[in-house]
Amino acid sequence: MKSKLLEKLFSLQGKNALITGGYRGIGRIIAETYAELGANVAIVARNREKCELAASELAQKYGGKAIGLPLNVRDAKMADSIVGQIADTFGGIDILINNAGIAGAEKEIVRMSDEEIDEIMNINFRGCFIMARAVARIMIKQQSGKIINMASILGKIAARNMAGYCASKGAVIQLTRVLALELAHNNIQVNTLCPGYFSSDINREFFASEKGREFIKRMIPVNRPGELSELKSTAIYLATCPAFLTGTEIYIDGGHTIF
Ligand SMILES: NC(=O)c1ccc[n+]([C@@H]2O[C@H](COP(=O)([O-])OP(=O)(O)OC[C@H]3O[C@@H](n4cnc5c(N)ncnc54)[C@H](OP(=O)(O)O)[C@@H]3O)[C@@H](O)[C@H]2O)c1
């Protein structure tokens, strides 16, 4: 960074970041951004090979430390053990991006099974809780840290056939508030990032279709889905925010939640 002020405010040099679901999509763009700014990055998800590959690519490209480890965020014992391993390897954890999540099948509530609601709540909400708890225990010892929980605009507004997703993300927003309250006196800031619709491999075809274009026109004031690169500056801000910024959520959604 050229400017001393920018460096003072936004440097991630030597910080240790843990990113769940960090080998692709939103998690990957945040992992890339932090690594580029000099952070050491740990990437965890269920697919061991993809985590290891992403970590070796980041280490090669940006020169910092990067590790990839297998972890299912539903498994509390595994989470405690992997988080401990990462803290030992890096010498602490400064930033948690609690990003792992699934969309779940689109179904009306009356057609949803017990298993379907359990699955999405277990990964999106319980997984987020398990990871935040494991990392918070380390951050309390350090008396510093930033936890960024990934919710969605659908934690605030409703969408038909998405009850599990909406409820799980609403729960993440409330979890953030309680965590922020409990951890404020430990100099740990906890905030939620709420993305709107971003283009990805999964939805690119939909957004290019007649139905997709109509949806965008009706629902997104900027008239397009987001690009993943548009999340970078907000992710940096939340990882470097002042102690006074805690317990809140930031929407980055092209104006979707204005309505
Ligand atoms: N894309 C959007 O437009 C959008 C909008 C709003 C919010 N979000 C939220 O942003 C986050 C990332 O979304 P994305 O679109 O980037 O998703 P994505 O491309 O599907 O990536 C999800 C990541 O989470 C990991 N994951 C899923 N279940 C896991 C589990 N049980 N344990 C550990 N890792 C797990 C996946 O790896 P494995 O399968 O190998 O475990 C993958 O790396 C999600 O929480 C999503 O709800 C996305």
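Each reported figure results from applying straightforward, stated rules to the coordinates on display, with no laboratory input. Treat the numbers as computed from the prediction; the structure is a model and nothing was measured. When we count neighbours, we look across all protein chains shown, and the Cβ atoms used for this are built from the backbone with ideal geometry, even at glycine.
Testing the spin-label approximation: label points 7 Å from Cα along Cα→Cβ at Ser199 and Asp114. State their distance in nm.
Output for this residue pair reads 4.4 nm.
What does the net charge come to around Phe90 if you take all other residues with beta carbon closer than 10 Å to its beta carbon, with K and R at +1 and D and E at -1?
With Lys, Arg at +1 and Asp, Glu at -1, the neighbours total 0.
Where the centroid of each part is defined by its Cα atoms, how far is region 75-142 from region 189-259 in Å?
About 21 Å separates the Cα centre of region 75-142 from the one of region 189-259.
For Ile252, list long-range residues whose amide hydrogen, built 1.01 Å from N in the peptide plane, is under 5 Å from its own amide hydrogen.
Cys194, Gly196
Within 10 Å of each candidate Cβ there may be at most 15 other Cβ atoms; applying that plus a DSSP loop requirement, which trypsin sites (Lys or Arg not before Pro) in region 94-162 survive?
Arg160
Angle check, please: helix 76-90 long axis (alpha carbons) against the longest principal axis of the chain (alpha carbons), in degrees 0 to 90, nearest 10.
Long axis of 76-90 versus the principal axis of the chain: about 40 degrees.
With label points built 7 Å along Cα→Cβ from the Cα atoms of Ser81 and Leu245, find their separation and express it in nm.
So the two model labels end up 3.7 nm from each other.
At most 14 other Cβ atoms within 10 Å and a DSSP loop assignment: could you name the GluC sites (Glu not before Pro) in region 102-192 that fit?
The qualifying sites are Glu106, Glu108.
Most mobile of Met78, Met139, Met131 per a Gaussian network model of the chain (Cα springs, under 10 Å)?
Sorting by GNM fluctuation, first place goes to Met78.
For helix 48-62, report the angle its Cα long axis makes with the longest principal axis of the Cα atoms of the chain; keep it between 0 and 90° and round to the nearest 10°.
With both axes taken from Cα atoms, the answer is about 60 degrees.
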